[in-house]
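A quick write-up on the structure given underneath.
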Amino acid sequence: MSRKRSLEHIQLLRDDLVAGMTANGVPEQVQTDIYTQIEGYAGYGFPEAHSCAFALLVYVSTWLKVYYHAEFTCAILNSQPTG
């Protein structure tokens, strides 16, 4: 989610969203639930580039875990803080 999709921007679109859902017969409670989820994501979401980088990290980590399990586990244990 980029700067232009900030919480303030999402709030500006609320009336149009509600009007469209009402016109399509979406119940009021469902409208509220949908908007609440969108609003929550606006504060959390991150750009697609970050999601792609994270997906690559997960893919490589999984590959290492499958094909080099002992080394992967050792590296994880060595990188964890003690305590």
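Filter the stretch 38-62 down to residues that are surrounded by 10 or more Cβ atoms within 10 Å (Cβ to Cβ), free of Cβ contacts under 8 Å to residues at least 24 places away in the same chain and closer than 24 Å to residue 8 by Cβ, then give me how many there are.
Here the count works out to 4.
Name every residue in the stretch 22-65 that is of a type outside the set (S, T, N, Q), in contact with a helix residue (DSSP H, G or I) (Cβ under 9 Å, 6 or more places away or on another chain) and part of a helix (DSSP H, G or I), in order of residue number.
Answer for the stretch 22-65, where residues must be of a type outside the set (S, T, N, Q), in contact with a helix residue (DSSP H, G or I) (Cβ under 9 Å, 6 or more places away or on another chain) and part of a helix (DSSP H, G or I): 28, 30, 34, 35, 38, 39, 41, 42, 43, 64, 65.
Bear in mind these aren't lab numbers, they're just calculated from the coordinates by the rules spelled out. All values derive from a computational prediction rather than experimental measurement. In this analysis, Cβ positions are derived from the backbone assuming ideal geometry, glycine residues included, and neighbour counts consider all displayed protein chains.
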